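The values are calculated or read from the model by the stated rules, or taken from the named source; none is laboratory data. This one's a predicted model, so the numbers in the text were calculated from it and none came from an experiment. Neighbour counts run over all protein chains shown; Cβ positions are idealised from the backbone, glycine included.
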Amino acid sequence: MYRYDEFDHAFVAERVAQFRDQIERRISGELSEDEFKPLRLMNGLYLQLHAYMLRVAIPYGTLSSTQMRKLAHIARTYDRGYGHFTTRQNIQYNWPKLAEVPDILDELAEVEMHAIQTSGNCIRNTTADPLAGVAADEIEDPRAYAEIIRQWSTLHPEFSFLPRKFKIAVTGAPNDRAVTRGHDIGLRMHRNIKGEPGFEVMVGGGQGRTPILAKTIRGFLPVDHLLSYLEAILRVYNQLGRRDNIYKARLKIMAEDLGAEALAKLVEAEWEQIRHYTLDLPLEERQRIAAYFAPPAYDDLSADHPALDEAIAADESFAAWVESNVYDHKKPGYAIATISLKPHGGIPGDASAEQMDAVAGLAEQFGFGEIRISHKQNLILPDVRRADLYRLWQALGGLGLDTANAGRVSDIIACPGLDYCNLANARSIPIAQRISERFTNIKREREIGEVSLNISGCINACAHHHVANIGILGVDKKGTEYYQVTLGGAANEDAAIGTIIGPAFDEWQIADAIETIVDVYQQLRNSDENFIDTYQRLGPQPFKEKLYASDQARKAG
Amino acid sequence: MPLIKHGKLVEDIWHETDDFTDVQALAPLGPVIVPLDVWRQHRDEILAIGCALGLRLAPGQTPDLVATDLHRFGVIALEFAKFTDGRAYSQARLLRERHGYKGEIRAVGEVLRDQLTFMLRCGFDSFSLATPQQARTILEAVDDFAHWYQPAPDGRATIPTLRRRTLDNADRPASDCAAAWAY
Amino acid sequence: MSIPISENTAQAITANRLSDGFVVYLTARNDWSERFEDCQSTGDEQTAESLLARARHHADEGHVVSPYLFRIQHENGKPVALGRREIIRTSGPSVGTDLARG
């Protein structure tokens, strides 16, 4: 993992002191709320329905056990004993007091964390494949580049007051686990024919009320040029992005208006002018950062573990957990384990301080003291010996963290919704709870197989409902919550935007509607198909027919 | 309006006017800042007056539009219509880095303390302020940060550069940095 | 969002306290309370506007942030919020009672 040096430490300490001063000036009345709001947002501090909310960055989704214990400590000391892990590799605290926020930030700085640019119209926390560095399918480890982007984008003098928020995601694997095409800039690593690593640069993706998938404007950018190319994109956007209408201010709208080709031309022309400047990091600095991500001291282990196979054969619950929650590791004898934060009937993404502490301990016991955060709002232990999987699973059971549903229908992404959020039109969490309670039978979930179900409480789409196989959007109709369903979205390398299936359902119908959709799929699927395969083969019609059959009958009658 | 230039409260010698109906009337005013649109309409007439000239660029007006004339201006004023509108940061950097502009770059409009360091880094060296009180407090922001990550027109050594120096002095191989997580 | 206005509906003012962000209500004593029961309510549109003006003054002075009027009615002598958003605001997140105000 990256470790701060004296410069990183000094910088974050200065940022905390600056924000402490800004808060003091707000409390003293020197700053008005209008002046303070953009300043607090640039440090991740919102004012929500009940209280302030502090969003803390977990850069590219990587946490140490020490950091996780600090997050638990903050939840206990300054908040109400829990935190909410988000789709953008952040953790949110729902009840911090304004006057105590600088103390929270001081505590975070002690463990090399911060809340810099987790909101505001600036370059947000850079996200990455949560399996970076360990996934069996990886071409190149993107973490060093994500860290380079983190440093470059931190309080960037030119790009801190952009037309709108700006999100960058990086992956080094062909299987996209970072929703790269849902970002303003998606970077996907490839190797050229000489074997050198580089980036495919995709721009203009985003969700919200106008979901658009990013388009490739450069097939291969040598890694040496990463920062100058990013700077070129940002400079074009900062100058030409719309500032007259908040809904048209994202890069995606500019990319649509201009067309990807014209935008690419502008970017390339700007890049030509700056690519020979000193911006790009010298090789030695890149190597310095990359050294932090050197593989830990793995043992040479056998890939075969008869004891594990026996445990899988003997214990159906464990077998289910291994099937859904364990991924292949690039190192033989090791595995990657997902810790689901989606207990049936629970709050997606929430973890208590006790759970955080316990996971920190498990990461040390069954790994190298490292934890990952996924955009699915789950935790991941990246370096578990296959031989330890059974013991890990048993330990998780005692913590309520052993739900065998990663990638299943009850692994629901949900935003905080109207229960916490000032922008929401409808509640998300209770809907997620009701739906997941319909699928408590693990056998049934295994049969249903891989499917994504995301619930956003408003059109800002924080829960990525547009790119879910089954997406749910909460809307307000004359004071009543309704839920609109989209089908056919995908967040992976075959990213797609879902389409609305028909009229919305009320809060009491929506769980039934989801069950109906799942039933139709199970009836019509071919043997090995996942939900998305069946949907793509058959289209929306069979789902529509069944969902709205009673409406049809009523009309006919 | 109070003006800070190169870190000090100074008297503003520049005159600004929106009235360009009679270009000849500008002459007695002395050094004058003209908006880009006026410059493009009346360039030769304004040049004929012979007084010192400054230019004002609105947000979104790229310095490229007037690249060959930049040397004629002693000051270029860039507007922050709102402090949240960050287009002037790009304009300032382009003036300094692309066009090699050496004159004064002045921030006008909503110029607040918490944006001062960004402005300084992007090449602004003077700031037109709303009140004299603001002039006293705004300069405190200059020392908020000792070092920054990105190269910028302020020419300060960046953190990556300073790291290289530290590394050279210590003669330490980079791989030694991969410390374990222990406190 | 339109809420049917019946005979006994009234309006009250809520805001967030600047220093800690917690939800507060404007009281008849012209200060702010965390207890919803303490809110000053009025059935009269003009009085409501003057309450809001008072609340905005408090916001300008830096005591509270984003004050606004919302509709309530009285049940068994206690105020009850009418809008869904304000029901959640006055009673805490609907997802777990242990997380509500306290």
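For A:Lys376, state whether it is among the basic types (Lys, Arg), touching a residue at least 12 places away in the same chain (Cβ under 8 Å) and surrounded by fewer than 22 Cβ atoms within 10 Å (Cβ to Cβ).
Working: among the basic types (Lys, Arg): yes; touching a residue at least 12 places away in the same chain (Cβ under 8 Å): yes; surrounded by fewer than 22 Cβ atoms within 10 Å (Cβ to Cβ): no.
Taking the combined requirement at face value, the residue does not satisfy it.
Quick check on A:Tyr277: is it within 14 Å of chain B (Cβ to nearest Cβ), surrounded by fewer than 20 Cβ atoms within 10 Å (Cβ to Cβ) and in contact (Cβ under 8 Å) with a residue 40 or more places away in the chain?
yes
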For the range B:53-82, name all the residues that are within 13 Å of another protein chain (Cβ to nearest Cβ), of a type in the set (A, V, I, L, M, F, W, C) and over 21 Å from B:Asp19 (Cβ atoms).
B:Leu65, B:Ala67, B:Leu78, B:Phe80
Unique residue being modelled with pLDDT of 95 or more, surrounded by fewer than 19 Cβ atoms within 10 Å (Cβ to Cβ) and not charged (D, E, K, R) when the list is A:Ser302, A:Ser317
A:Ser317
When you scan the range A:539-556, do you find a residue that is assigned to a helix (DSSP H, G or I), surrounded by 15 or more Cβ atoms within 10 Å (Cβ to Cβ) and free of Cβ contacts under 8 Å to residues at least 24 places away in the same chain, even just one?
yes
Any residue in the range A:468-488 that is within 14 Å of another protein chain (Cβ to nearest Cβ) sitting within a Cβ distance under 8 Å of a residue that is crowded, with 20+ Cβ neighbours inside 10 Å and of a type in the set (Asp, Glu)? List the pairs, counting only those 6 or more apart or interchain.
A:Gly474/A:Glu481; A:Val475/A:Glu481
Failed item in (1) over 21 Å from the mean Cα position of the chain (by Cα); (2) closer than 26 Å to A:Cys415 by Cα, with A:Lys331 passing the rest:
(2)
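Just give me the residues in the range C:27-77 being assigned to a strand (DSSP E or B) and either in contact with a Gly (Cβ under 6 Å, 6 or more places away or on another chain) or more than 30 Å from A:Glu24 (Cβ to Cβ) (or both), in sequence order.
Going through the range C:27-77, the residues assigned to a strand (DSSP E or B) turn out to be C:27, C:32-33, C:39, C:42, C:64-75.
Correct list: C:Cys39, C:Thr42, C:Leu69, C:Phe70, C:Arg71, C:Ile72, C:Gln73, C:His74, C:Glu75.
The rows are residues; the columns are (1) touching a Ser or Thr at 6+ places or on another chain (Cβ under 6 Å); (2) more than 12 Å from chain A (Cβ to nearest Cβ).
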residue: B:Val108; (1), (2): yes, yes
residue: B:Leu112; (1), (2): no, no
residue: B:Leu116; (1), (2): no, no
residue: B:Gly123; (1), (2): no, no
residue: B:Ser126; (1), (2): no, yes
residue: B:Ala130; (1), (2): no, yes
residue: B:Gln133; (1), (2): no, no
residue: B:Thr137; (1), (2): no, no
residue: B:Tyr149; (1), (2): yes, no
Among the residues of the range A:122-146, write down those that are touching a strand residue (DSSP E or B) at 6+ places or on another chain (Cβ under 9 Å), within 14 Å of another protein chain (Cβ to nearest Cβ) and either assigned to a helix (DSSP H, G or I) or farther than 28 Å from B:Arg96 by Cα (or both).
A:Thr126, A:Gly133, A:Asp141, A:Arg143
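With respect to A:Glu261, is the statement that it is surrounded by fewer than 13 Cβ atoms within 10 Å (Cβ to Cβ) and within 28 Å of B:Ala92 (Cα to Cα) true? Give the steps one after another, and end with the answer.
Numbers: surrounded by fewer than 13 Cβ atoms within 10 Å (Cβ to Cβ): yes; within 28 Å of B:Ala92 (Cα to Cα): yes.
When the stated conditions are applied, A:Glu261 passes them.
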Determine whether the range A:494-511 contains at least one residue that is within 11 Å of chain C (Cβ to nearest Cβ), in contact with a strand residue (DSSP E or B) (Cβ under 9 Å, 6 or more places away or on another chain) and farther than 25 Å from A:Gln92 by Cβ.
no
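Out of the residues in the range B:83-105 that are in contact (Cβ under 8 Å) with a residue 60 or more places away in the chain and more than 8 Å from chain A (Cβ to nearest Cβ), state the one that is surrounded by the most Cβ atoms within 10 Å (Cβ to Cβ).
Residues of the range B:83-105 in contact (Cβ under 8 Å) with a residue 60 or more places away in the chain: B:92-93, B:104.
Those still in the list that are more than 8 Å from chain A (Cβ to nearest Cβ) too: B:92, B:104.
On the way: B:Ala92: 30, B:Glu104: 17.
Across the range B:83-105, the extreme among qualifying residues is B:Ala92.
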Mind listing just one residue for me: the one in the range A:355-373 that is part of a strand (DSSP E or B) and buried (at least 24 other Cβ atoms within 10 Å of the Cβ) and, of those, farthest from the chain's Cα centre (by Cα)?
A:Ile371
Select, from A:Glu445, A:Glu481, the only residue that is over 23 Å from A:Ala173 (Cα atoms), charged (D, E, K, R), surrounded by 19 or more Cβ atoms within 10 Å (Cβ to Cβ) and touching a strand residue (DSSP E or B) at 6+ places or on another chain (Cβ under 7 Å).
A:Glu481
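Residue by residue through the range B:118-144, note down the ones that are in a loop (DSSP other than H, G, I, E, B) and surrounded by fewer than 17 Cβ atoms within 10 Å (Cβ to Cβ). Don't jump to the end; show me each part of the working.
Just the residues of the range B:118-144 that are in a loop (DSSP other than H, G, I, E, B), to begin with: B:123-125, B:129-131, B:144.
Correct list: B:Ala130, B:Thr131, B:Asp144.
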Of the conditions (1) buried (at least 16 other Cβ atoms within 10 Å of the Cβ); (2) closer than 23 Å to A:Lys97 by Cβ; (3) away from chain A (no Cβ under 12 Å); (4) out of contact with any Leu (no Cβ under 9 Å at 6 or more places or on another chain), the single one that C:Asp31 does not satisfy is (1)
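Looking at A:Ile246, A:Ile233, A:Ile289, can you tell me which residue is of a type in the set (Val, Ile, Thr), closer than 18 Å to A:Ile149 by Cβ and either surrounded by fewer than 16 Cβ atoms within 10 Å (Cβ to Cβ) or within 11 Å of another protein chain (Cβ to nearest Cβ) (or both)? Steps first, answer last, please.
Details: A:Ile246 fails: closer than 18 Å to A:Ile149 by Cβ; A:Ile233 fails: either surrounded by fewer than 16 Cβ atoms within 10 Å (Cβ to Cβ) or within 11 Å of another protein chain (Cβ to nearest Cβ) (or both).
A:Ile289 is the lone residue from the list that is of a type in the set (Val, Ile, Thr), closer than 18 Å to A:Ile149 by Cβ and either surrounded by fewer than 16 Cβ atoms within 10 Å (Cβ to Cβ) or within 11 Å of another protein chain (Cβ to nearest Cβ) (or both).
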Considering only strands (runs of 3 or more DSSP E) wholly within the range A:150-231, the ones with at least 3 residues that are under 28 Å from A:Met113 (Cβ atoms) and assigned by TED's automatic domain parsing to the domain that holds A:Tyr277 are A:168-171, A:185-191
Show the residue pairs that are 6+ apart or on different chains and have beta-carbon atoms under 6 Å apart, the first residue being within the range B:136-149 and without any contact (Cβ under 8 Å) to a residue 12 or more places away in the chain, the second being of a type in the set (A, V, I, L, M) and surrounded by 13 or more Cβ atoms within 10 Å (Cβ to Cβ).
B:Tyr149/B:Ile159
Among A:Gly488, A:Gly474, A:Gly498, which is crowded, with 17+ Cβ neighbours inside 10 Å and on the phi > 0 side of the Ramachandran plot?
A:Gly488
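Residue-by-condition table, conditions (1) touching a residue at least 12 places away in the same chain (Cβ under 8 Å); (2) in contact with a Cys (Cβ under 8 Å, 6 or more places away or on another chain); (3) at positive phi:
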| site | (1), (2), (3) |
| --- | --- |
| C:Ala10 | yes, no, no |
| C:Ile13 | yes, yes, no |
| C:Asn16 | yes, no, no |
| C:Ser19 | no, no, no |
| C:Leu26 | yes, yes, no |
| C:Asp31 | no, no, no |
| C:Glu37 | yes, no, no |
| C:Gly43 | yes, no, no |
| C:Thr47 | no, no, no |
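When the residues of the range A:422-454 are narrowed to those that are more than 10 Å from chain C (Cβ to nearest Cβ) and hydrophobic (A, V, I, L, M, F, W, C), which ends up nearest to A:Asp533 (Cα to Cα)? Working first, answer last.
Kept after step one, since they are more than 10 Å from chain C (Cβ to nearest Cβ), are these residues of the range A:422-454: A:423, A:431, A:434-454.
The next check asks that each one be hydrophobic (A, V, I, L, M, F, W, C); those that pass are A:423, A:431, A:435, A:439, A:442, A:448, A:451, A:453.
Details: A:Leu423: 34, A:Ile431: 26, A:Ile435: 22, A:Phe439: 21, A:Ile442: 22, A:Ile448: 12, A:Val451: 10, A:Leu453: 15 Å.
Ranking the candidates gives A:Val451 first.
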What single numbered condition from (1) surrounded by 24 or more Cβ atoms within 10 Å (Cβ to Cβ); (2) outside the structural domain of A:Gln522 (by TED's automatic domain parsing); (3) in contact with a helix residue (DSSP H, G or I) (Cβ under 8 Å, 6 or more places away or on another chain) fails to hold for A:Tyr390?
(1)
Of the residues that sit in the range A:14-24 and are crowded, with 18+ Cβ neighbours inside 10 Å and touching a residue at least 40 places away in the same chain (Cβ under 8 Å), which one is nearest to the other protein chains (Cβ to nearest Cβ)?
A:Arg15
